[in-house]
Amino acid sequence: MPIKKYFTAFGYLLLFLVSLGLVGYGWTMRQFETAQDAFRRGDHAAALESYRRAELPFEKIPQLGQILKEEYTRLNLNQVTILYRQKLNQEALEKLEQMPAQLPAVAENAEYAYWMGNLLFRQATESKDPETVLTALKGALSEYQKGLAAKPDDWDLKYDYELVRWVFAKQGGERQKQEAKVKSIIDKMRPQEPAQQQIAPEKRG
């Protein structure tokens, strides 16, 4: 019967798609485990290569990040760790900024906040522009606060938070001193009011 043939064909198609999905999942997990092993050994070049291969299905199917949350988070944050150690700051920052598009909840993750804070703090230490420094320090402080809200007992976050607070306070103090110095110079450059002449008593009316 036509209907029976239709359901049979549909069943085969469904089975094929499921099989294809399982094969793809298996391949992705193999790449992920290979990357994890290399990461643990400290072979960062091999780890980065395998992580990037494992990342391909997530790029093709954005919804996959919502299904494989732990794997998606780990493969990205481990890449950020490697890029940070290699001082590839912009690439690491871009990877962090892209993550919430597939998995919004990751922005509240303590480890995510830790690495975002670290990158912003490094940006502050490497910049010579006062406004960039101030903005980056504020961003780093905010990220560390967010991380501590998610994981209050994380000593790395606590240390970095206190460090940035100290640097931020020092930066603010230096800025106040600089502003006071500029004000003093400007005051000296202003034309002085002419001193009122003294009139002898005998000449007063």
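A short reminder: the numbers here are calculations on the coordinates, not readings from a lab. Quick caveat, the model's predicted, so the values are computed rather than measured. Here the Cβ is made from the backbone with ideal geometry for all residues, glycine too, and neighbour counts use every protein chain on show.
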Let's test the formula: R0 of 22 Å, r as the Cβ-Cβ distance of LYS69 and THR135. What FRET efficiency results, to the nearest 0.05?
0.10
What pairs from LYS69/LYS158; LYS60/LYS128; LYS69/LYS170; LYS95/LYS138 go past 30 Å between their alpha carbons?
LYS60/LYS128; LYS69/LYS170
State the extension gain, in nm to one decimal, for the chain segment bounded by LYS60 and LEU163, taking 0.36 nm per residue of separation less the distance between their alpha-carbons.
33.1 nm
Could you work out the local net charge near ASP154, counting Lys and Arg as +1, Asp and Glu as -1, over the other residues with Cβ closer than 13 Å to its Cβ?
-3
Going by the alpha-carbon gyration tensor, a ≥ b ≥ c the square roots of its eigenvalues, is segment 26-107 rounded (a/c under 1.5) or, if a/c is not under 1.5, prolate (a/b greater than b/c) versus oblate?
oblate
